[in-house]
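Let me begin by presenting the structure, written as structure tokens, before commenting on it.
The values are calculated or read from the model by the stated rules, or taken from the named source; none is laboratory data. The structure presented is a predicted model; accordingly, all values stated were derived computationally and were not measured. FYI the Cβ positions are ideal-geometry reconstructions off the backbone, even for glycines, and counts take in every protein chain you see. Please note that ligands, DNA and RNA were not included when accessible areas were found on the heavy atoms of the full protein model with its side chains. Shrake-Rupley method; radii C 1.70, N 1.55, O 1.52, S 1.80 Å.
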Number of protein chains: 2
Amino acid sequence: MPDGAPKKPSRIQKRNRGKILDAALEVFSRHGFRGATLDQIAAEAGLSKPNILYYFDGKEDIHVTLLSRLMDSWLDPLVAMNPEGDPTTEILSYVQRKLDMARDMPRESRLFANEILQGAPRIGPELSGHLKPLFDEKCALVAHWVAQGRLPPLDPQHLIFSIWATTQHYADFESQVSLLLGADADPHARASDHLNRMFRAMLEV
Amino acid sequence: MPDGAPKKPSRIQKRNRGKILDAALEVFSRHGFRGATLDQIAAEAGLSKPNILYYFDGKEDIHVTLLSRLMDSWLDPLVAMNPEGDPTTEILSYVQRKLDMARDMPRESRLFANEILQGAPRIGPELSGHLKPLFDEKCALVAHWVAQGRLPPLDPQHLIFSIWATTQHYADFESQVSLLLGADADPHARASDHLNRMFRAMLEV
DNA sequence: GTCTATAATACGATAGAC
DNA sequence: GTCTATCGTATTATAGAC
């Protein structure tokens, strides 16, 4: 077969690659890249270690594939911020969607947190290529809203950082959060309320 | 020599333990516990690997010693929150001190972030023993201020989480922050301004 | 495609000379 | 106290049968 024309993956290939990536998400997000082992991933996926390496070129290949696959859905809430909408509503909805993601996709959150915390050695290009343009675009949008007087003077870049930080905190530092809150109430509802009040206060003209 | 009476460490012992802990802070904070190696720590400290193990019982001993040594100074800003002071001033000062720490002690911030991100497997008891009582005490203080009507209704626990999240973000995710901001301005001044405005808006009665 | 067996290396820790 | 040399194990990756 001539090079450059990758064979179409069979049904079974797709299913196994999916199983491996899901297992890898579980293991990498809990232990980080170096702390994760192929043995753990293989056990979690229900496959043998050499079989894992039949589908991927190595540990790093799995990790990089995982990060780029998840990048798009991870950025969805920011993409959804609508230039036609009401500024305050759009931003508060974004906060809410990010907080929901921290609850529904904590593994993805910790996977990215682990990678960025260690200097993004394996995902730097993806960040420059996908995240940076989107970030710049949405910062320009917020700045535009400010210039129109529809938002008070604020720093778009640091506003977005604060949204990321406060929402992802509940996924990334979950062990500390649950220790400090105790096991009683559902933290999500109270966190949602708190963040809504905080960012609303900041966005009032 | 009878047990239970540890020999007083000599000057050279103190100095070498200090060099090792400083090197370990550098390496652990950048690569996490599993990602760090004794070879790296030894090279950074300018000592041989067996010499490292002469001063500490093993890799884990170094890590735990480091975490408990740093815990106190890491919590200093929260301790300094003064019940006698003006509520808004005290909280805004706390934000400022935490942000200064993210700038001045980014390695310490990343060390704790790495540990907590992975479920605090080696520092859980320290958190329960030192952090939890302090956290509860300061939450009660904020709740008291709210009950007095000196602060608007707010959730003390989640307020503190938001302060931690937003300030530590600049140290823990520095690689992403610097990528997105570009290399131009000093981020610290603008971050300080932004966080001051944000939390002030939330604290207005 | 999947497995068992194994190679190759990285790493934490120890032995023993000085 | 400090070093060189080395052990034992964990871990990534490959060989080769089926």
Do you know which of the residues in segment B:141-164 that are facing another protein chain (nearest Cβ under 8 Å) and either over 14 Å from A:Met198 (Cα atoms) or of a type in the set (S, T, N, Q) (or both) is surrounded by the fewest Cβ atoms within 10 Å (Cβ to Cβ)? B:Trp164
Would you please list the contacts, defined by Cβ atoms under 6 Å and residues six or more apart or on different chains, that run from a residue in segment B:16-28 that is free of Cβ contacts under 8 Å to residues at least 40 places away in the same chain to a residue that is within 12 Å of DNA strand D (Cβ to nearest atom) and part of a helix (DSSP H, G or I)? B:Asn16/B:Tyr55; B:Arg17/B:Tyr55; B:Lys19/B:Ala45; B:Ala23/B:Ala45
So, in segment B:76-115, of the ones that are closer than 18 Å to B:Val27 by Cβ and of a type in the set (A, V, I, L, M), which residue ends up most open to solvent (accessible area, probe 1.4 Å)? B:Met105
Note on segment B:51-75: residues within 16 Å of DNA strand C (Cβ to nearest atom) and open to solvent by 30 Å² or more (accessible area, probe 1.4 Å) are B:Asn51, B:Leu53, B:Tyr54, B:Tyr55, B:Asp57, B:Lys59, B:Glu60, B:Asp61, B:Val64
Taking segment A:25-49 and keeping residues among the small types (Gly, Ala, Ser), under 14 Å from A:Leu66 (Cβ atoms) and within 13 Å of DNA strand C (Cβ to nearest atom) leaves A:Ala45
Considering residues of segment B:196-205 that are in contact (Cβ under 8 Å) with a residue 40 or more places away in the chain and part of a helix (DSSP H, G or I) only, the residue most open to solvent (accessible area, probe 1.4 Å): B:Arg200
Within segment B:20-67, can you find the residues that are charged (D, E, K, R) and within 24 Å of B:Ala102 (Cβ to Cβ)? B:Asp22, B:Glu26, B:Arg30, B:Glu44
Segment A:73-100 residues that are of a type in the set (S, T, N, Q), paired with ones that are open to solvent by 60 Å² or more (accessible area, probe 1.4 Å) and part of a helix (DSSP H, G or I) (beta carbon under 8 Å, 6 or more apart): A:Thr88/A:Arg200
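Please pick out the residue among A:Lys132, A:Lys138 that is under 29 Å from A:Arg69 (Cα atoms), surrounded by 14 or more Cβ atoms within 10 Å (Cβ to Cβ) and more than 7 Å from chain B (Cβ to nearest Cβ).
Working: A:Lys132 fails: more than 7 Å from chain B (Cβ to nearest Cβ).
Going through A:Lys132, A:Lys138 in turn, just one is under 29 Å from A:Arg69 (Cα atoms), surrounded by 14 or more Cβ atoms within 10 Å (Cβ to Cβ) and more than 7 Å from chain B (Cβ to nearest Cβ): A:Lys138.
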Scan segment B:112-125 and report the pairs whose first residue is more than 9 Å from chain A (Cβ to nearest Cβ) and whose second residue is open to solvent by 10 Å² or more (accessible area, probe 1.4 Å), with Cβ atoms within less than 6 Å and a gap of 6+ or a chain change. B:Arg122/B:Val64
Extreme residue, farthest from the chain's Cα centre (by Cα), among residues of segment B:178-195 that are more than 7 Å from every other protein chain (Cβ to nearest Cβ) and open to solvent by less than 50 Å² (accessible area, probe 1.4 Å): B:Gly182
Just checking, which of A:Asn82, A:Asn51, A:Asn114 is closer than 29 Å to B:Leu111 by Cβ and either among the polar types (S, T, N, Q) or within 16 Å of DNA strand D (Cβ to nearest atom) (or both)? A:Asn114
Considering segment A:165-176, residues that are more than 7 Å from chain B (Cβ to nearest Cβ) and not polar (S, T, N, Q), and then whichever is least open to solvent (accessible area, probe 1.4 Å), we arrive at A:Ala171
